[in-house]
Amino acid sequence: MPNKPPYGLLLIAGNLTHQENYARALAADPRCRLIGLTDEADIPPRRAELNSMLAEELGIPLLPDLAAALARDDVQIVSVCAEPERRGRIAAQCARAGKHLYIDKPLGTTVEEARHVVAAVNDAGVTNQLFSLVHTPTAYRAKEIVDSGRLGDLSAIHYELMFAKGIAGTADLTRPRQEKAVADRFTFVDSKRELFCVGWYPLIFFPWLTGRRVTSVYATTSNYFFAEHQNNNVEDFSCLLLELEGGLTATVTCGRTGWSSHPSHGFHKIHLVGEAESVDLDAYEPHLEIHNDAPAWRQPAVGHPEDPMGFWSSTQTAGGVEPKTDWLPVQPAVADDAVSFLDCLQQGRPSDVPVALGAHAVEVILAGYQSAAQGQPVTIPLED
């Protein structure tokens, strides 16, 4: 397949997925042109409606036959944002059709299906990238510091990532969480598995930064903030103690802590510990604080019925979610994730967040659930 732009972009899945953002980010680059939106034939009626809504918003046709859409000669890239339970098999199908892949995270819900995607991509030889936070100023700064050698030998990393969305304070703290060794559901209207969703970012960051894979994980999962998570038996907060190749130690605290927990997006900090020096990085430093007589920001009373935590941009306004405007991050210009993917495609080089790295992250996450359930460390790779 030629690697010269413009590239035809096919979308899989529509509103109430990250496709709302990915499609627009990719289409904003002049190297991409939208071809249409498609999905599997047996999706629920509401998913079909949401797909149609995004297609209409973007002014592109809704293509009812996934296989036929993948066979089109004018499609070079597929952005895959189907639910996690469907994502792996669809990504593999796209790779077998010879299409380059931009894939929502995480890659899938089982180690087996993640490895299946890796095999399909390797066989097809297509460019592939999973969304992450490594193409951000903070990650680039961490990479620059480590590569400079100023820290000496890197001995430990801590990554703290908390998303400030949702109405917190509703969980019953008298009901300590009892994790299950095998996660059996990942898609909900009113909550997410936060280790699965938020934990993805540090678990991609560590091997990206160091070139080392995780060899063991010791985890706890908790319900501290949201009744929705508790009622769905999914965690809103997690802690992980990791050992990476070469004896490097890494720790993670991640989760969702509610709109009122932070004046902007949430805590996003990276701590690098070396033999010679340690460095703390904050994704929201520097930031601009605005003090005036405007009314204070307030979280919505209820939220959108299909998105009470404000996960998706398409429902935030209708759900009463106002933007926070008195505490604004200031970031230097940097290539974003979509641009980085298109650069790889155009230059004929592999992405730094390929599906092989994503499959490893899935394995670590699932090992984390097993560890939290058993109360002991779990070795990686997991046994088949």
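When only Cα pairs below 8 angstrom with a gap of at least 6 residues are kept, the chain shows a relative contact order of 21 percent.
The residue among 262, 318, 183 whose Cα reaches farthest toward the positive pole of the charge dipole of the chain, with charges on the beta-carbon of Lys, Arg, Asp and Glu, is 183.
Summarising the label geometry, the points placed 7 Å from Cα in the beta-carbon direction at residue 296 and residue 181 lie 4.8 nm from one another. With each label modelled as a point 7 angstrom along the Cα→C-beta vector, the residue 155-residue 189 pair spans 5.2 nm. Rounded to the nearest Hz, the phi-derived 3J(HN,Hα) couplings of the stretch 63-69 under the Karplus curve 6.51 cos²θ - 1.76 cosθ + 1.60 (θ = phi - 60°) are 9, x, 10, 4, 4, 5, 5, where x marks glycine and proline.
What does DSSP give for the chain in terms of the percent of beta bridges that are antiparallel, rounded to the nearest 5? Restricted to the chain, the bridges split so that about 55 percent are antiparallel.
Would you mind counting up the charge near residue 308? Only other residues with Cβ under 9 Å from its Cβ, with Lys and Arg at +1 and Asp and Glu at -1.
Spelling it out: positives minus negatives among the neighbours equals -4.
On a per residue basis, the stretch 28-181 carries 43 Å² of accessible surface, using protein heavy atoms and a 1.4 Å probe.
Our coupling estimate for the stretch 300-316, obtained by passing each phi through the Karplus curve with A = 6.51, B = -1.76, C = 1.60 and θ = phi - 60°, is x, 6, 10, x, 6, x, 9, 7, x, 9, x, 4, 10, 5, 5, 10, 5 Hz, Gly and Pro reported as x.
Taking the accessible area of the stretch 107-151, probe 1.4 Å, and keeping the other protein chains in place, the carbon and sulfur fraction comes to 49%. As a rough guide to protection, the peptides 251-262, 345-356, 88-99 ranked by mean Cβ packing within 10 Å, highest first, stand as 88-99, 251-262, 345-356. The phi torsions of the stretch 130-137, fed into the Karplus equation with coefficients 6.51, -1.76 and 1.60 and a -60° offset, translate into couplings of 9, 5, 7, 10, 7, 9, 10, x Hz, rounded to whole numbers, with Gly and Pro shown as x. A crude spin-label estimate for the pair residue 4 and residue 376, with each label 7 Å from Cα along the Cβ direction, gives 6.1 nm. Go ahead and collect, in residue order, the members of the stretch 30-61 whose backbone nitrogen is under 11 Å from a label point 7 Å along the Cα-Cβ direction of residue 231. Counting only backbone N, you get no residues.
Dimensions of the chain from C-alpha coordinates, computed as largest minus smallest value along each principal axis and given longest first, are 52, 50, 42 Å.
Please check: in the Gaussian network model of the chain (C-alpha springs, under 10 Å), which one of 128, 292, 233 has the largest mean-square fluctuation. Greatest mean-square fluctuation among the candidates belongs to 292.
If each DSSP helix of 4+ residues adds -39,500 (n - 2.57) and the sum is divided by the residues in the chain, what number results at 222 nm, nearest 500 deg cm²/dmol? Mind showing how you got there, number by number?
Numbers: 12 runs with 122 residues, N = 384.
Estimated from H runs of four or more residues: -9500 deg cm²/dmol.
So, with +1 on the Cβ of K and R and -1 on the Cβ of D and E, and no other charges, what is the size of the charge dipole of the chain about its Cα centre, to the nearest 20 debye? Could the numbers behind the result be given before it?
Working: 31 positive and 49 negative charges, 83 e Å.
Charge dipole, the chain, about its Cα centre: 400 debye, nearest 20.
According to the calculation over all Cα-Cα pairs in the stretch 7-126, the P(r) per 5 Å bin from zero is 2, 13, 24, 25, 21, 10, 3, 0 %.
The values are calculated or read from the model by the stated rules, or taken from the named source; none is laboratory data. Since the structure is predicted, the reported quantities are computational estimates derived from the model, not experimental observations. Methodologically, a virtual Cβ is constructed for each residue, glycine included, from the backbone with ideal geometry; neighbour enumeration extends over all protein chains shown. Just the protein is used for accessible areas: all its heavy atoms, side chains included, with ligands, DNA and RNA removed. Shrake-Rupley method; radii C 1.70, N 1.55, O 1.52, S 1.80 Å.
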